[in-house]
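Remarks on the structure that follows.
The values are calculated or read from the model by the stated rules, or taken from the named source; none is laboratory data. Treat the numbers as computed from the prediction; the structure is a model and nothing was measured. Ideal geometry is used to build each Cβ from the backbone, glycine not excepted, and the neighbour counts take in all protein chains shown.
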Amino acid sequence: MAILIDENSKVVVQGITGREGQFHALRNRDYGTKIVAGTRPGKGGEQVESIPIFNTVQEAIEETGANVALTFVPPAFAKDAVLEAAYADCQLIVCITEGIPAKDEAEMYNLIKNNTKSKLLGPNCPGLISPGKSNVGIMPHEITLPGNVGVVSRSGTLTYQAVHELTQLNIGQSTCIGIGGDPVPGMSFIDILKEFQEDDETNAIVMIGEIGGTAEEEAAEYIKNNISKPVVSYIAGVTAPPGKKMGHAGAIVSGNKGTAKAKMESLEEAGVLVVSNPTKIGKAVKEVM
Amino acid sequence: MDLFEYQGKSLYANYDIAHPNSFLVNKIEDLEQGFNLNYPVVVKAQVQVGGRGKAGGIKLATNNDELITHTNEILGMDIKGHTVEKILIEEASDIKEEYYLSFTLDRSEKKYLMMLSAKGGMDIEAVAEENPDDLTMIHIDPSKELDEAVLIDAITNSKLNQDYQSDLVAIITRLFKLFISGDCDLVEVNPLAITSSGVMALDSKVSLDMNAKYRHENFDQIEKDIPIPPSEKSAKEKGLNFIKLDGSVGIIGNGAGLVMSTLDVVAEYGGSAANFLDIGGGAKAETVSAALEVLETDDSVSSVFINIFGGITRCDLVAQGIVEATKGKDLKWPIVIRLDGTNATEGLKILRDNPNEKIIITETMNEAAELSVKGNR
């Protein structure tokens, strides 16, 4: 099963003619992902390494049956691209673009929620991979292994670290997801936890958070009441000075909430096994499985 | 990016938001130029820290002599570690009532949040805690327009002076426009006051969303006018995300999450980080050399830990950058390196082919943390 994407997902890449878009589209296709189309206004009818390009997502869906959009469109145009995919009824939109203004994120999140059925992952995220089936994003698939642990994280490279720790111990993953660290991410920890809980192939969940915001605290509350599968968690930023902005627009400590300590405590209270160091994730998962 | 009061007020001017007439002073001689203000005036230290009034950073002047005395006193003053480099001189307002207003993003609700209170001019956090009913909180759907009826309700519920309802609606609408069209993360006015010359925003706390820089010509100048430590400045020019910290282990990594985590692991092994330095995704060899150069300017560094997990970033390019920056050099400190992910094998080979006795290659993040803490002593 895996969640959100599997071997049947058909992907349209928005911004396929750009450097990043093209590189990752081809890399994902080499992995076995069904990259069926690309879009670039004004370049409809052309091809990128035999992947057909369309002017709009609507056309791409009609012609190829694409159901997932992967977006590499630059920040200034990302909101319109994501909304275009949503209004064309894409089931899932994965937005990799970094540096989108918060106002654009807030507006597109609410427009999608109020007017469409699409799910949005990101922006500013590494995407997701269901090992052995499909890779929609920029994660290095070499470090993944098919299996039964679901991984969800706000940070890109920390996701890789966690997956690496699991694979080293021969623990495979059902789906690995980076939700992104921006102020208004599409799918939240809770949305992903819900999907993992319902997925037959996922037996345990790794959740990686970081300082700032209250997403981890909200996830802890949700886990307490709704998740029966074992959860292992790591929170980055224990030693980060309060109030400093550390790269991710999201990582701002505010008030009592948002500190690593507060997050760890609420997760522990929800029955989550919290580790102090990302390299301990593998062993901890072994313990709870 | 947090702005100084005077910068926030210059944005008020762009959005036609009423605020006191003022004059900005960088040095005492500026006062000689003459300015068009009526006494009494308020002399306000421009610092990005709360409690400047209590620290003596805000003074009232009723004539030119007092103005010169206060300006001399406050310029260069140290307020909680912040040196006063600029002073805003403003016409004093005859205040009748003081309110609080702010617009920000509520990340949990994924909506904008307006907060309004009749108890302005004081510590709003205390009001929120002790008398939460005195703080009206209203969520605004970012996909919709701000409804005037909602504002009128908020003004009524907050028990603001109804005689000024239409003026309040007007100024709040303009402040919201600044928040939205100006791409602000925060617009906070405390106090929003009723004065003898009408409703005015007497203070400003504005923070800009720098992701929106590309669509605002003025962001660049505003950014230049905010002083940052020299090391952070040189890092910024090189496209690096650098924050100075108090410890002695220099940290270089890719991705904010991994770097934060590296700080934590170093702490677990008894060390403490000298900095946070994120080379970002897709870093090239030059980026890595630049990162090492930045650390060279920092005397508190006594060992360096480079922690890379390649995704978009390629480990071979990182290794090349390390070699370029260190080749034939007598390094000031040991560099402990951990490379994993995309092209790690190639990267490690480059490092082994170009040995330097101060460079230590490790297999894991823990081992690297341990060695960088040890190398430190």
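Could you tell me whether B:Leu186 is closer than 30 Å to B:Tyr214 by Cα, at pLDDT 95 or above and not β-branched (Val, Ile, Thr)?
no
Restricting the search to region A:173-232, which residues are in contact with an Asp or Glu (Cβ under 9 Å, 6 or more places away or on another chain), buried (at least 24 other Cβ atoms within 10 Å of the Cβ) and among the polar types (S, T, N, Q)?
Residues satisfying the conditions are A:Ser174, A:Thr175.
Which condition breaks for B:Leu151 when tested against (1) within 19 Å of B:Asp106 (Cα to Cα); (2) within 14 Å of chain A (Cβ to nearest Cβ)?
Of everything listed in (1) within 19 Å of B:Asp106 (Cα to Cα); (2) within 14 Å of chain A (Cβ to nearest Cβ), B:Leu151 misses just condition (2).
Quick check on my filter: what residues within region B:231-247 are within 19 Å of B:Ala290 (Cα to Cα) and touching a residue at least 12 places away in the same chain (Cβ under 8 Å)? If you could, list the steps in order and put the result at the bottom.
So in region B:231-247, the residues within 19 Å of B:Ala290 (Cα to Cα) come out as B:231-245.
Of everything in region B:231-247, those that are within 19 Å of B:Ala290 (Cα to Cα) and touching a residue at least 12 places away in the same chain (Cβ under 8 Å) turn out to be B:Ser231, B:Glu232, B:Ser234, B:Ala235, B:Lys238, B:Gly239, B:Leu240, B:Asn241, B:Phe242, B:Ile243, B:Lys244, B:Leu245.
Can you give me the number of residues within region A:103-160 that are facing chain B (nearest Cβ under 8 Å), modelled with pLDDT under 95 and closer than 21 Å to B:Asp106 by Cβ?
So the answer is 1.
What number of residues within region B:119-137 are surrounded by 18 or more Cβ atoms within 10 Å (Cβ to Cβ), hydrophobic (A, V, I, L, M, F, W, C) and away from every other protein chain (no Cβ under 14 Å)?
Looking only at that region, the number is 2.
Collect the residues in region A:87-118 that are within 22 Å of A:Met139 (Cα to Cα) and crowded, with 19+ Cβ neighbours inside 10 Å, keeping them in residue-number order. Before you say what the answer is, go through the steps one by one.
Filtering region A:87-118 down to residues within 22 Å of A:Met139 (Cα to Cα) leaves A:90-100.
Selection gives A:Cys90, A:Leu92, A:Ile93, A:Val94, A:Cys95, A:Ile96, A:Thr97, A:Glu98, A:Ile100.
What is the one condition in (1) surrounded by 20 or more Cβ atoms within 10 Å (Cβ to Cβ); (2) over 30 Å from B:Asp94 (Cβ atoms); (3) more than 10 Å from every other protein chain (Cβ to nearest Cβ) that B:Asn254 does not satisfy?
If we test B:Asn254 against (1) surrounded by 20 or more Cβ atoms within 10 Å (Cβ to Cβ); (2) over 30 Å from B:Asp94 (Cβ atoms); (3) more than 10 Å from every other protein chain (Cβ to nearest Cβ), just (3) comes out false.
Need at least 1 residues that are touching a Phe, Trp or Tyr at 6+ places or on another chain (Cβ under 8 Å) and within 11 Å of another protein chain (Cβ to nearest Cβ) per element, so show me which strands (runs of 3 or more DSSP E) inside region B:302-377 make the cut, counting only ones lying wholly within it.
On the way: elements: B:303-310, B:335-341, B:359-362.
Ranges flagged: B:303-310, B:335-341.
Could you please find all residues in region A:48-84 being at positive phi and either within 24 Å of the chain's Cα centre (by Cα) or touching a residue at least 40 places away in the same chain (Cβ under 8 Å) (or both)? I'd like the intermediate steps shown before the answer.
Narrowing region A:48-84 to residues at positive phi: A:49-50, A:65.
Result: A:Gly65, single match.
Does at least one position in region A:62-71 carry a residue that is modelled with pLDDT of 95 or more and within 13 Å of chain B (Cβ to nearest Cβ)?
There is no residue in region A:62-71 that is modelled with pLDDT of 95 or more and within 13 Å of chain B (Cβ to nearest Cβ).
Working carefully through the options B:Leu67, B:Leu60, B:Leu37, find the one that is surrounded by 12 or more Cβ atoms within 10 Å (Cβ to Cβ), among the aliphatic types (A, V, I, L, M) and part of a helix (DSSP H, G or I). Before the answer, list the steps.
Details: B:Leu60 fails: part of a helix (DSSP H, G or I); B:Leu37 fails: part of a helix (DSSP H, G or I).
The conditions single out B:Leu67.
State whether the residues of region B:122-134 include one that is on the phi > 0 side of the Ramachandran plot and either under 26 Å from the mean Cα position of the chain (by Cα) or in the same structural domain as B:Val189 (by TED's automatic domain parsing) (or both). Outline the logic, then answer.
Restricting attention to region B:122-134, the residues satisfying the condition of being on the phi > 0 side of the Ramachandran plot are none.
The answer is no, given that none of the residues of region B:122-134 is on the phi > 0 side of the Ramachandran plot and either under 26 Å from the mean Cα position of the chain (by Cα) or in the same structural domain as B:Val189 (by TED's automatic domain parsing) (or both).
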